[in-house]
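Bear in mind these aren't lab numbers, they're just calculated from the coordinates by the rules spelled out. Everything numeric in this text was worked out from a predicted model, so none of it was measured. A quick note on method: Cβ atoms are made from the backbone with ideal geometry, for glycine too, and the neighbour counts reach across all protein chains shown.
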Amino acid sequence: MSDSLFTTLEGDYPQDSDAFSISAPTIGWSIALLCLVVLIRRQMKREQSLTDAISSKDTINQPSFTQALQWVSYAKELERNKQYEAAVSVYDQGLKQHPNDFRLWHERGLALAKLQNFEGALVSFNRAYELRPDNGDLAHERGDTLLQLGRFEEAIASFDIYLRYHPGNPHVLADRGYALSHLERFEEALVCLNQVLKTAKQDRTSLTQAHYCQIEVLRHLGQFDAALRSSQKAMKQYPDEHFETQHQFIRQQMTERIINQENHSDKNN
């Protein structure tokens, strides 16, 4: 900007004028500086306007809706902007008018789960479940929440409800197998996890989770050869450091087991 202004000034005044040969650059830089200040002030005003707009949304001066679906739609728009706390507040306002609306309770639980507030999410899901115990998706989401809280027995029960409506769902079967493994019900877990590995050809996330958990279950059952074979297959299918670490740990356990067996044999002899 300063170069163009300086060029223009040079064209307007004689080159051999000592007075203007000194003052022209000064005027050019002054104008450039003034332009820069104006631009900075405009940018600051834009940023302040954006901050004020976001702040006004956070205070949620929402209109007074009359239908539950209107509250849901308004809150979902806030969620799309990642304003989850504001969305929860909207759901709360809606529930004051419609305390028995399944959608409001359900969506409130989902928003709280996004905030990692799993206790609060479970309260909402439980209320929604009282209103609609036959909703399969709710059973899945409620099960995931219970899993996050480490309430594995309840999570499995909720997953079982979902599987009545959607048998063979790989994601839920993988989660169910994970919950069973934490309860040390390894044989049952293995059935779930093997089913995922046989059927979930397109769901890479569920496959990866199920494969890792299956190897752990085999290891806990003392089936080290099967665990090692499964681990080798997993490393080829999903190059991942977690599988490599798991593989090395299994080999170490197998070596320690052989050494212990040899020491026990020497003692007996």
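Just a few scattered comments:
- Residue exposure sequence - Phe243, Phe152 - by fewest surrounding Cβ within 10 Å: Phe152, Phe243
- Prolate/oblate/rounded label for segment 65-151 (Cα gyration tensor, a/c 1.5): oblate
- Pairs exceeding 26 Å between alpha-carbon atoms, taken from Lys201/Lys233; Lys82/Lys198; Lys198/Lys236; Lys82/Lys236: Lys82/Lys198; Lys82/Lys236.
- 3J(HN,Hα) from dihedral phi, segment 200-214, Karplus parametrisation 6.51/-1.76/1.60, rounded to Hz, x for glycine, proline: 8, 6, 9, 8, 5, 4, 5, 4, 4, 4, 5, 5, 4, 5, 4
- Taking trypsin sites (Lys or Arg not before Pro) across segment 129-215, the ones in a DSSP loop with at most 11 further Cβ atoms lying within 10 angstrom of their Cβ are Lys201.
- Using C-alpha pairs below 8 Å separated by at least 6 residues, the relative contact order for segment 168-269 is 20 percent.
- Under the Karplus curve 6.51 cos²θ - 1.76 cosθ + 1.60, θ = phi - 60°, whole-Hz ³J(HN,Hα) for segment 249-261, x wherever Gly or Pro sits: 5, 5, 4, 5, 5, 5, 5, 4, 5, 5, 4, 5, 5
- Its residues counted as N, segment 111-213 yields a C-alpha radius of gyration over 2.2 N^0.38 Å of 1.05.
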